[in-house]
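Taking it in order: structure first as structure tokens, then the write-up.
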């Protein structure tokens with residue numbers, strides 16, 4: 001017999017709140033990163049950041065387009081508590097790449113680190129996107145799937161709207177240092193990734 005949670009019942013489960021935070025977190029950081037690519041590059045002293053920004057963003061689009069082809073299969077094969085932390089963890093790694101972009105590690109220029117960050121974030125988004133939707137349907141049933149999925153999309157849209165504002169205000173408070181804000185984003189993802197490891201089907 002298919003499970004059938006109403007939206008109110010689903011909101012009283014821990015599983016839904018983990019799913020509600022995982023996707024929107026990546027949406028928040030992703031839109032912030034894309035909206036502010038040029039200022040981020042400027043903050044690292046990249047020359048002609050306006051012309052470079054679209055090329056730096058390209059790996060994100062390619063990775064996000066291709067990852068679901070594999071992640072969708074994995075979502076049908078493995079428990080979401082193994083895949084969701086991977087997606088969130090990759091999101092944290094992407095933020096960490098921006099946070100250390102100005103350190104010259106491995107001899108890489110900041111523009112390379114930001115480009116790597118975009119690629120990793122595209123993979124992260126593809127994994128999380130492939131896991132969250134099917135897991136909501138499997139955990140809470142099809143009868144009220146529209147209202148439950150609608151709530152998750154509402155939270156995601158709100159997060160994407162807030163992300164660019166939070167990044168700009170955070171960077172302003174940090175003296176123009178976007179790397180500091182991305183360091184905070186990376187740390188914020190850690191408890192979410194750990195919580196995702198405990199994801200279980202609610203009863």
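Every read-out reported here was derived from the displayed coordinates using simple, explicitly stated rules and does not represent laboratory data. This is a predicted model, so every value here is computed, not measured. Because the Cβ atoms are built from the backbone with ideal geometry, glycine has one as well, and the counts that use them run over all protein chains shown.
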Report task. Mind sorting 147, 130 by how few other Cβ atoms lie within 10 Å of their own Cβ, fewest first? Result -> 147, 130
**Report entry** Proxy reagent accessibility, fewest Cβ within 10 Å first, across 7, 90
**Finding:** 7, 90
Query raised in the report: Hey, of [x] 61, 33, 26; [y] 53, 41, 33; [z] 41, 38, 33, which did the structure itself give for Cα extents along the principal axes in Å when calculated?
Result: [x]
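Taking a ≥ b ≥ c as the square roots of the Cα gyration tensor eigenvalues, with a/c under 1.5 meaning rounded and otherwise prolate when a/b beats b/c, else oblate, which class fits segment 86-179? List each step's numbers first, then the result.
Working: a/c = 4.37, a/b = 1.87, b/c = 2.34.
Because a/c hits 1.5 or more and a/b fails to exceed b/c, segment 86-179 counts as oblate.
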Query raised in the report: What angle do you read, to the nearest 10 degrees and between 0 and 90, between the alpha-carbon axis of helix 145-173 and the longest principal axis of the chain?
Result: 20 degrees
Query raised in the report: Percent relative contact order of segment 7-196, based on C-alpha pairs within less than 8 angstrom and at least six residues apart?
Result: 38 percent
Report task. Report Rg/Rh for segment 31-109, rounded to two decimals, where Rg is the Cα radius of gyration and Rh the Kirkwood radius. Result -> 1.06
Requested in this report: Rounded to the nearest 10 degrees, what's the angle between the helix 49-77 long axis and the longest principal axis of the chain, both from Cα atoms, 0 to 90?
Outcome: 20 degrees
Query raised in the report: Is it possible to state the helix-based mean residue ellipticity at 222 nm for the chain, with each DSSP H run of 4+ residues giving -39500 (n - 2.57), the sum divided by total residues, to the nearest 500 deg cm²/dmol? What is it?
Result: -27500 deg cm²/dmol
